[in-house]
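J.: Mind having a look at this structure? Questions to follow.
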Amino acid sequence: MIAPGSTIGILGGGQLGRMLILAGRALGYRFHVFEPKGPCSAGMVADLEINADYDDREALRKFAEGVDVITLEFENIPVDAIDFLNSIKPVYPGREALHVCQHRQREKDFLKASGLPCVAFEYADSATSLKTAIETIGFPCVIKTAAFGYDGKGQIKLSSADDALDPTSIWERLGEPPRVVVEKWIEHQGEFSVICSRKLDGSMTTFPMAENIHVHHILHASIVPARTTEAVRAEGEQLARSLAEKLNVVGLIAVELFLDVDGKLIINEMAPRPHNSGHYSIDGCHTSQFEQHIRAVTGLPFGSTELLRPTVMINLLGDVWGDSTPDWAGLLADPRVKLHLYDKGEPRPGRKMGHYCVVADSTEEAVDAAERSFDALKSS
Ligand code: ADP
Ligand code: MG
């Protein structure tokens, strides 16, 4: 066990790292952040921020020597850097989970090989093979770059063969990536996610399933409890647990799911770290996903993941700023609103700047209040 008072190293300096630190501080841990570009959101609340590239061995060594255990808040970290760090201090979630989850094709190959439900897919590494892949999958479909995509970036949806884009211009628009995955577009009743935490000894907990609303491919809201059946919730939790086991995760794994029109859950993607759709747990659960991650990587006993009351989380993207500062007083006029801002500087459109939660007596009430608060925020 890595006892409170020890120092935890975090790779990546975004808001997920920031919230990990805020949760871990309450348990008495110290934090060092490694992030190529500073100053960063997590660095603002850390004991030490190191700004260097992931291929800077000297900086990585210093970082590793200064901490007791290493974890990450961002999955696109070169596996070479992970291997190097791991030769000095333990790194969680570990290379296997990271290697699979940082590349859409490996992720899908893994799901298929494990017999887990995933969308029909083909991959391509040129405009010519893209044409064949689109023909095989059919319409509607979505083309995603295999690496480095997030928040809908690096994705193009084709609704029908009439879409004016030919494979060559799609390839150019995606920046001529080394590889893409072409997926069948799933007509679905809803999107859901489950976060599972796992320790080195194999013990696990899951958080209540979230129902997620996306706008322009970016998460807008999470509603918990998810408005679906108990059977769907149980199946989602089971899928998250089997992924955590098969990938040997230590820490968290989040699984994003579609519920298709026939009522079947299909895995969209997974992330071996805290997840945006788990932010509700800070205000809604006995233990947050961030605290649970800290407990997992340090070997402390897990906290209860019980949902205390219905909770709705709303993301605050840079778009909310428009020409003026959002009306924070208007938002907080409802005393049930809990605001979290990430201190990220410039509010660019699509950039995640913060979120808020509404905790209420019923799901309907939480949804209504969250919507009204969103209007209040923008009304100034
Ligand atoms: P990101 O890494 O950007 O989160 P995702 O693959 O999760 O990428 O895509 C973002 C969102 O786009 C999904 O949550 C979903 O709303 C929509 N989407 C992506 N792929 C599909 C698909 N195959 N069928 C239906 N919707 C999809
Ligand atoms: Mg996603």
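J.: Positive end of the charge dipole of the chain (Lys, Arg +1 and Asp, Glu -1 on Cβ, about the Cα centre): tell me which of Thr128, Ile10, His188 has its Cα farthest that way.
T.: Highest projection toward the positive end goes to Ile10.
J.: Out of every Cα pair in the chain, what percent are spaced more than 26 Å from each other?
T.: Summing the P(r) of the chain above 26 Å gives 53 percent of all pairs.
J.: Using a Gaussian network model of the chain whose springs link C-alpha atoms within less than 10 Å, name the residue from Thr206, Thr136, Thr363 with the highest mean-square fluctuation.
T.: Largest GNM mean-square fluctuation: Thr136.
J.: At what distance in nm do the modelled label points of Glu365 and Leu332 sit from each other, each positioned 7 Å from its Cα along Cα→Cβ?
T.: 2.3 nm
J.: Reachable lysines from Lys344, Cα under 24 Å, same-chain residues fewer than 8 places away excluded?
T.: Excluding near neighbours in sequence, the set is Lys37, Lys153, Lys352, Lys378.
J.: Also, I was wondering about something else. When only alpha-carbon atoms are used, what values of Rg and Dmax, in angstrom, describe segment 121-204?
T.: Answer for segment 121-204, Rg first and Dmax second: 15.9, 53 Å.
J.: Can you report the principal axis dimensions of segment 155-209 using only the alpha carbons, biggest first, rounded to whole angstrom?
T.: For segment 155-209, the Cα extents along the three principal axes come out at 51, 31, 13 Å.
J.: So how strong a dipole does segment 205-335 carry about its Cα centre when Lys and Arg Cβ are +1 and Asp and Glu Cβ are -1, to the nearest 20 debye?
T.: Value, rounded to 20: 440 debye.
J.: Then there is this: Rounding to the nearest 20 debye, state how big the charge dipole of the chain is about its Cα centre with +1 on each Lys and Arg Cβ and -1 on each Asp and Glu Cβ.
T.: That gives the chain a dipole magnitude of about 760 debye.
J.: Using modelled backbone amide H atoms (1.01 Å from N, in-plane), which distant-in-sequence or interchain residues come within less than 5 Å of Ile50's amide H?
T.: Amide H to amide H, under 5 Å and 5 or more residues apart or across chains, Ile50 pairs with Val33, Phe34, Glu35.
J.: Can you give me the relative contact order of segment 58-145 as a percent, contacts being Cα pairs under 8 Å and 6 or more apart?
T.: For segment 58-145, the relative contact order is 19 percent.
J.: While we're on this one: Using all alpha carbons of segment 244-303, what is the percent of pairwise distances in each 5 Å bin, ordered from the shortest bin to the longest?
T.: It works out to 4, 17, 22, 22, 17, 11, 5, 2, 0, in whole percents.
J.: Report ³J(HN,Hα) in whole Hz for each residue of segment 136-145, in order, from the Karplus equation J = 6.51 cos²θ - 1.76 cosθ + 1.60 where θ = phi - 60°; Gly and Pro get x.
T.: Values, residue by residue: 5, 6, x, 10, x, 9, 9, 9, 10, 4 Hz.
J.: Let me ask something additional. State, as an integer percentage, the relative contact order of segment 179-241 based on alpha-carbon contacts under 8 Å between residues 6 or more apart.
T.: Relative CO of segment 179-241 lands at 30 percent.
J.: Hey, another quick one. Kindly write out, for segment 273-284 in residue order, the coupling ³J(HN,Hα) from the Karplus curve 6.51 cos²θ - 1.76 cosθ + 1.60 (θ = phi - 60°), rounded to whole Hz, with x marking Gly and Pro.
T.: For segment 273-284, the Karplus curve yields 5, x, 10, 3, 6, x, 5, 4, 5, 4, 9, x Hz.
J.: If you restrict to DSSP beta bridges whose two residues both lie in the chain, what percentage is antiparallel, to the nearest 5?
T.: Roughly 80 percent of the beta bridges in the chain run antiparallel, per DSSP.
J.: Here's a follow-up. Compute the semi-axes of the equivalent ellipsoid of segment 186-228, taking the square root of 5 times each eigenvalue of the Cα gyration tensor, and list them largest first in whole Å.
T.: Each semi-axis is the square root of five times an eigenvalue, giving 25, 11, 10 Å.
J.: Another question, then. In terms of modelled amide H atoms, which long-range or inter-chain residues lie less than 5 Å from the amide H of Gln189?
T.: Leu259, Asp260, Val261
J.: Using the eigenvalues of the Cα gyration tensor, what equivalent ellipsoid semi-axes result for segment 99-251 when each is taken as the square root of five times the eigenvalue, whole Å, largest first?
T.: For segment 99-251, the semi-axes come out at 31, 18, 13 Å.
J.: With the cut-off at 19 Å, report for segment 311-369 the share of all Cα pairs above it, as a whole percent.
T.: Looking at segment 311-369, the distances longer than 19 Å represent 31 percent of pairs.
J.: Further question: Projected onto the charge dipole of segment 214-317 (+1 at Lys/Arg Cβ, -1 at Asp/Glu Cβ, origin at the Cα centre), which of His286, Met313, Gln238 gives the Cα projection farthest towards the positive end?
T.: His286
J.: For segment 215-286, with only Lys/Arg (+1) and Asp/Glu (-1) charged at the beta-carbon, what is the dipole magnitude about the Cα centre, in debye rounded to 20?
T.: 120 debye
J.: Starting from the 7 Å offset along Cα-to-Cβ, what nm value, one decimal, do you get for the label separation of Leu27 and Leu339?
T.: Result for the modelled spin labels: 2.9 nm.
J.: Starting from a Cα-only point model with no solvent, please compute log10 I(q)/I(0) by Debye for segment 166-286 at q = 0.10, 0.16, 0.17 1/Å.
T.: One equal scatterer on each Cα of segment 166-286 leads to -0.36, -0.81, -0.88.
J.: On to the next question. Would you grab the residues whose amide H sits under 5 Å from the one on Ser6? Only those 5+ places off in sequence or on another chain, please, with H modelled 1.01 Å from N.
T.: Those qualifying (amide H under 5 Å, at least 5 residues apart or on another chain) are Arg30.
J.: Could you tell me which residue out of Gly115, Ala59, Ile88 lies farthest along the dipole of segment 36-119 toward its positive end? Charges go on the beta carbon: Lys and Arg +1, Asp and Glu -1, centred on the Cα centre.
T.: The residue sitting farthest along the positive end of the dipole is Gly115.
J.: Taking a cut-off of 16 Å, what percent of all Cα-Cα pairs in segment 281-380 are separated by more than that?
T.: More than 16 Å apart: 61 percent of the Cα pairs in segment 281-380.
J.: Give the Rg (one decimal place) followed by the Dmax (whole number) of segment 61-144, computed from C-alpha coordinates and expressed in Å.
T.: 17.5, 53
J.: Additional query: Can you tell me the Rg and Dmax of segment 95-137, counting just the alpha carbons, in angstroms?
T.: 11.9, 35
J.: Got the relative contact order for the chain handy, in percent, Cα pairs under 8 Å and 6 or more residues apart?
T.: Result for the chain is 14 percent.
J.: For every helix of n ≥ 4 consecutive DSSP H residues, a contribution of -39,500 (n - 2.57) applies; sum these over the chain, divide by its total residues, and give [θ] at 222 nm rounded to the nearest 500 deg cm²/dmol.
T.: Using -39500 (n - 2.57) per qualifying helix, the result is -9000 deg cm²/dmol.
J.: Give the distance, in whole Å, between the Cα centre of segment 204-219 and the Cα centre of segment 1-34.
T.: Rounded to whole Å, the Cα centres lie 24 Å apart.
Only the coordinates and a few stated rules stand behind these numbers; no lab work does. In this text, all values refer to a predicted model and were calculated from it rather than measured experimentally. Because the Cβ atoms are built from the backbone with ideal geometry, glycine has one as well, and the counts that use them run over all protein chains shown.
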